[in-house]
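Enquirer: This is the structure I want to talk about, given as structure tokens.
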Amino acid sequence: MDKIELNSLTLEELEKFMVGIGEKGYRGEQLFTFFHRNYGHKIEDISVFSIGLRDKLKKFGRVNNIEVLKRFDSNIDNTKKYLFLLEDNNIIEGVVMEYKHGLTVCISTQVGCKMGCSFCASTKEGFIRNLSPSEMVNQIYSMEKDLNKKISNIVLMGSGEPLDNYENTLKFLYIIHHEKGHNISYRNITLSTCGVVPRIYDLADEGIPITLSISLHSPLDDIRSNMMPIGNRYSINDIINSCKYYYNQTNRRITIEYTLIEGVNDRDRDLEEIVKILKDLNCHINLIPLNPIEEFDEERPTGRSAQRFRTDLERAGIPVTIRREMGSDISASCGQLRRSYIRDRDRKTFQ
Ligand code: SAH
């Protein structure tokens, strides 16, 4: 029988688990606090439990751990990028960015990604597996421990598609939010998706008011589907309708991510269409300068063109922000670091 990954369980599940092995339910809460408030990760360190109970726990359960493999510090700003080693030797990445209002962490939800977006490095080596809830929280705990600072905001914008790993992502959200653990407000959490429409409806019904961020990148179905294969399954119209539903259920303004690509999605026609499709949606647009990767032979627009795009959108009544580039000297864009590390390592292995 496989042992249960204890630090991936929600508080309610831990209480049930404890009752299931013949213990009192409140032991589950003690365990939850040990993992998620105190960064505990070894069963033998749970001093509130007797040695007998620790042995019993070890018989039925295990604790998942991740290790910091490498840290890259930006010389431009305080951005720090981490490579983490998982128990099965897979590698994932996470980022910490320092803003005026505190530390924001960006974490991964999968090893690799199956979405196949043409501009994104995370998907180029394909999909390996989903991350468990503990592997998601542990990215945050590792960064906090390493920096000796608490984080205030979380974005699920690292490698992977969170809505393609729905159950684990949801458990992660419950765990990281819980007041007996890290107690991060849902309002300080953003989930970014390429547009897995049925899961957007599901998420809207969960009653957790996190910010939903949609990777739009083009208002035209044919151009979008060319860059983002998910567009062949769900149209832009489907996505916008699901966003309206999300807004009605959660009252949270939607974020639209828009990576500007020279001549592809920064033309007048794109502007007109964006204004048309977003006119009844309570949203704001976050313009992202393209981070060029090897296989995607396109250019980012010059700064002036991004500014013009911004001004025109604002004139049409759509709130806009331009994403400040963080840690551009440490290839802080999705999946780039993991990829170059794995390549280097493999090159060395095969030499
Ligand atoms: N799978 C999710 C979350 C991960 S990507 C999603 O698709 O939203 C986080 C954001 O970075 C997405 O908006 C993605 O489209 C964007 N992104 C990926 N590669 C990029 C690149 N090379 N340059 C700029 N933005 C990129």
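Any read-out appearing in this document is the output of simple, stated calculations on the displayed coordinates, not a laboratory observation. Just so it is clear, the model here is predicted, and its values are computed rather than measured. Positions of Cβ are generated from backbone atoms using ideal geometry, with glycine treated the same way; all protein chains shown enter the neighbour counts.
Enquirer: Just how large is the dipole of the chain about the Cα centre, in debye to the nearest 20, putting +1 at every Lys and Arg Cβ and -1 at every Asp and Glu Cβ?
Expert: Details: 48 positive and 50 negative charges, 173 e Å.
Rounded to the nearest 20 debye, it is 840 debye.
Enquirer: Normalised by the residues of the chain, what does the relative contact order come to in percent, with Cα pairs under 8 Å and at least six apart?
Expert: It rounds to 15 percent for the chain.
Enquirer: Quickly rank 123-135, 197-209 as a protection proxy: mean count of other C-beta atoms within 10 Å, highest first.
Expert: 123-135, 197-209
Enquirer: Distance in nm between label sites at D297 and K244, each 7 Å beyond Cα in the beta-carbon direction?
Expert: According to this spin-label approximation, the distance is 4.1 nm.
Enquirer: Tell me which lysines have Cα within less than 25 Å of K100's Cα, excluding those fewer than 8 residues away on the same chain?
Expert: Output for K100: K80, K81, K145, K149, K150.
Enquirer: Under 23 Å between alpha carbons, and skipping anything fewer than 8 positions from K3 in its own chain: which lysines qualify?
Expert: K16, K24, K42, K56, K58, K59, K171
Enquirer: Give me the percent of DSSP beta bridges within the stretch 67-350 that run antiparallel, rounded to the nearest 5.
Expert: The answer is about 45 percent antiparallel.
Enquirer: Could I ask something else about it? For each of H177, H217, H101, count neighbouring Cβ atoms within 10 Å of the residue's Cβ, then give the residues from fewest to most.
Expert: So the residues, fewest neighbours to most, are H101, H177, H217.
Enquirer: Could you tell me which of rounded, prolate or oblate describes the chain, using a ≥ b ≥ c as the square roots of the eigenvalues of the alpha-carbon gyration tensor, with rounded for a/c under 1.5 and, failing that, prolate when a/b is larger than b/c and oblate otherwise?
Expert: prolate
Enquirer: In addition: Let me make sure I get this right: for the stretch 4-62, a, b and c are the square roots of the gyration tensor eigenvalues over alpha carbons, sorted descending. Under 1.5 in a/c it's rounded, otherwise prolate if a/b > b/c, else oblate. Which is it?
Expert: rounded
Enquirer: Would you list M228, M136 from fewest to most Cβ contacts within 10 Å?
Expert: M228, M136
Enquirer: Quick check on the stretch 36-82: take the gyration tensor over C-alpha atoms, sort the square-rooted eigenvalues as a ≥ b ≥ c, and tell me if it's rounded (a/c under 1.5), prolate or oblate.
Expert: Judged from the Cα gyration tensor, the stretch 36-82 comes out prolate (a/c at least 1.5, a/b above b/c).
Enquirer: Given only helices, namely DSSP H runs of n ≥ 4 each adding -39500 (n - 2.57), what is the per-residue ellipticity at 222 nm of the chain, to the nearest 500 deg cm²/dmol?
Expert: When only DSSP H runs of four or more count, the value is -11000 deg cm²/dmol.
Enquirer: Taking only Cα atoms and a 10 Å spring cutoff, compute GNM fluctuations for the chain and point out the largest among D222, D280, D88.
Expert: Of D222, D280, D88, the most mobile in the Gaussian network model is D88.
Enquirer: Still on this structure: I need the phi-derived Karplus couplings for the stretch 217-228: 6.51 cos²θ - 1.76 cosθ + 1.60, θ = phi - 60°, integer Hz, Gly and Pro marked x.
Expert: 6, 6, x, 10, 4, 5, 5, 5, 5, 4, 8, 10
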